[in-house]
1. Run down Lys148, Lys126, Lys96 and say which single residue is away from the ligand (no atom under 16 Å from the Cβ), among the basic types (Lys, Arg) and either touching a Pro at 6+ places or on another chain (Cβ under 6 Å) or farther than 30 Å from Glu38 by Cβ (or both).
2. Residues that are surrounded by fewer than 11 Cβ atoms within 10 Å (Cβ to Cβ), closer than 30 Å to Pro56 by Cα and within 14 Å of the ligand (Cβ to nearest atom): does region 161-174 have at least one?
3. Evaluate region 13-23: report whether one residue or more is in contact with a Ser or Thr (Cβ under 8 Å, 6 or more places away or on another chain), at pLDDT 85 or above and among the β-branched types (Val, Ile, Thr).
4. Given the criteria outside the structural domain of Arg157 (by TED's automatic domain parsing), small (Gly, Ala, Ser), at pLDDT 90 or above and surrounded by fewer than 19 Cβ atoms within 10 Å (Cβ to Cβ), does Ala83 qualify?
5. For region 48-103, how many residues are polar (S, T, N, Q) and under 30 Å from Asp161 (Cα atoms)?
6. Which of the numbered conditions does Tyr86 fail, given that it passes all the others? Conditions: (1) touching a helix residue (DSSP H, G or I) at 6+ places or on another chain (Cβ under 7 Å); (2) within 14 Å of the ligand (Cβ to nearest atom).
7. I'd like to check something: does region 139-156 contain any residue that is surrounded by 12 or more Cβ atoms within 10 Å (Cβ to Cβ), among the acidic types (Asp, Glu) and out of contact with any helix residue (DSSP H, G or I) (no Cβ under 6 Å at 6 or more places or on another chain)?
8. Tally up the residues in region 29-52 that are assigned to a strand (DSSP E or B) and buried (at least 16 other Cβ atoms within 10 Å of the Cβ), please.
Amino acid sequence: MRFVIVFLACAVAIFGLEIVHSSVANGKTTLVFFDLKEDVDELKIGKKTYKVFFTPDKQKQYALIPVSYYHKPAAIKVGFRDAFFYLDIVDGGYAKEKIHVQKSKVNPKSEAVKKRTSKEYAQAMKIYNTITPTNYVSKPFIIPLESKITSDFGKARVYNDTLKGYHSGTDFRAKVGTPIVASNAGTR
Ligand SMILES: [Zn+2]
């Protein structure tokens, strides 16, 4: 990886580029800043594009680059205008979590259940893919409640001995009806 590191050092000097973490674990997101003079509107990884925003103080531009859980360790090329840089994707080393549930819950046969879950999946993907040009997050994030975390972010979830995905949230133990607070502002 020496080549990549050397290249990144040059990239910072040449392109007014600041990569907060050039080494990123699968399932995580990295942040890239640009000097205003770069006037970048989007980044490209393969055919995918990532929008570039202005920081609230309008002093810099930035982009968030999420890395899929399913991404294998590799160097990925990130293009912007006619330049590019590399990100080094590393294995997040997530622990496994074994969960035992009814067989029918792992691979549901019911058409009605399949229809409902695919509809919910589409709704969730629509939300995940929605971006607003304005940043409504104005303060540091806080935890929504003081309680034991029963499953943290990133655990590889093995249902009845079958790996079905990764935990993309954090679970807190609480009784039904426990008040929770929003972890940040973020809506209009
Ligand atoms: Zn959860």
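The values are calculated or read from the model by the stated rules, or taken from the named source; none is laboratory data. Quantities reported herein were computed from a predicted structural model and do not represent experimental measurements. Glycine also receives a Cβ, built like all others from the backbone with ideal geometry; neighbour counts cover every protein chain displayed.
1. Testing whether each residue is away from the ligand (no atom under 16 Å from the Cβ), among the basic types (Lys, Arg) and either touching a Pro at 6+ places or on another chain (Cβ under 6 Å) or farther than 30 Å from Glu38 by Cβ (or both) leaves just Lys126.
2. yes
3. no
4. Values: outside the structural domain of Arg157 (by TED's automatic domain parsing): yes; small (Gly, Ala, Ser): yes; at pLDDT 90 or above: no; surrounded by fewer than 19 Cβ atoms within 10 Å (Cβ to Cβ): yes.
For Ala83, the condition - outside the structural domain of Arg157 (by TED's automatic domain parsing), small (Gly, Ala, Ser), at pLDDT 90 or above and surrounded by fewer than 19 Cβ atoms within 10 Å (Cβ to Cβ) - is not met.
5. So the count comes out to 2.
6. So Tyr86 meets the others, but not (2).
7. For region 139-156, residues surrounded by 12 or more Cβ atoms within 10 Å (Cβ to Cβ), among the acidic types (Asp, Glu) and out of contact with any helix residue (DSSP H, G or I) (no Cβ under 6 Å at 6 or more places or on another chain): present.
8. Selection size over region 29-52: 6.
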